[in-house]
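The values are calculated or read from the model by the stated rules, or taken from the named source; none is laboratory data. Since the structure is predicted, the reported quantities are computational estimates derived from the model, not experimental observations. Note that each Cβ is placed from the backbone with ideal geometry, even for glycine, and that neighbours are counted across all protein chains shown.
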């Protein structure tokens, strides 16, 4: 009960998974609209996929250290630009970049920050065979999380022409 009171005083804590897809832009817009109503903070998380790092190493694109450093620098810069372009400067926003398996890192971060909700796009950047057989990152997050997840679909124009 004390934890619930503390959480209510601090407002909502929303974790937004960002892969720079159009859906993750929509997820950030949804998060800012919720924070505008309820107060609180947004943690914008970008995960550098560990499998991608392994592929870079396998293809001799550099040492593991060089590749991770370069990807981390690029992701941090891109996440900062993404947040600037989404106009979140008036909100309490923390940008986080980490490396790992995206669905696991999203779940770990949600628990670590005691997130009230995860907000993520229903369709990310990757369209590959792995997605067809094992499901999207969003589907894998849903399998293991014990917190609410808001999946934001691609923007669709439903007007009849």
- line: Those residues of the range 51-70 which are surrounded by 13 or more Cβ atoms within 10 Å (Cβ to Cβ) and farther than 25 Å from residue 139 by Cα amount to 56, 57, 62, 67, 68, 70
task: Go through the range 24-37 and count every residue that is at pLDDT below 90 and touching a helix residue (DSSP H, G or I) at 6+ places or on another chain (Cβ under 9 Å).
output: 1
- request: Exactly one condition in (1) assigned to a helix (DSSP H, G or I); (2) within 16 Å of residue 13 (Cα to Cα) is not met by residue 94; state its number.
  value: (1)
statement: Residues of the range 73-85 being under 26 Å from residue 155 (Cβ atoms) and either in contact (Cβ under 8 Å) with a residue 12 or more places away in the chain or crowded, with 17+ Cβ neighbours inside 10 Å (or both), in sequence order, are 75, 78, 79, 80, 82, 83
- request: Determine which member of the set 131, 138 is within 17 Å of residue 17 (Cβ to Cβ), modelled with pLDDT under 80, surrounded by 13 or more Cβ atoms within 10 Å (Cβ to Cβ) and under 14 Å from the mean Cα position of the chain (by Cα).
  value: 138
- prompt: If a residue has to be under 16 Å from residue 101 (Cα atoms) and free of Cβ contacts under 8 Å to residues at least 24 places away in the same chain to count, how many in the range 53-63 make the cut?
  reply: 3
Options 88, 43; residue that is crowded, with 18+ Cβ neighbours inside 10 Å and part of a loop (DSSP other than H, G, I, E, B): 88
query: Which condition breaks for residue 41 when tested against (1) in contact with a strand residue (DSSP E or B) (Cβ under 6 Å, 6 or more places away or on another chain); (2) without any contact (Cβ under 8 Å) to a residue 60 or more places away in the chain; (3) under 23 Å from residue 154 (Cβ atoms)?
result: (3)
query: Only one of (1) touching a strand residue (DSSP E or B) at 6+ places or on another chain (Cβ under 7 Å); (2) farther than 23 Å from residue 154 by Cα; (3) not in a strand (DSSP E or B) is not met by residue 60, so which one is it?
result: (1)
message: Consider the range 109-123. How many of its residues are part of a helix (DSSP H, G or I) and buried (at least 16 other Cβ atoms within 10 Å of the Cβ)?
response: 2
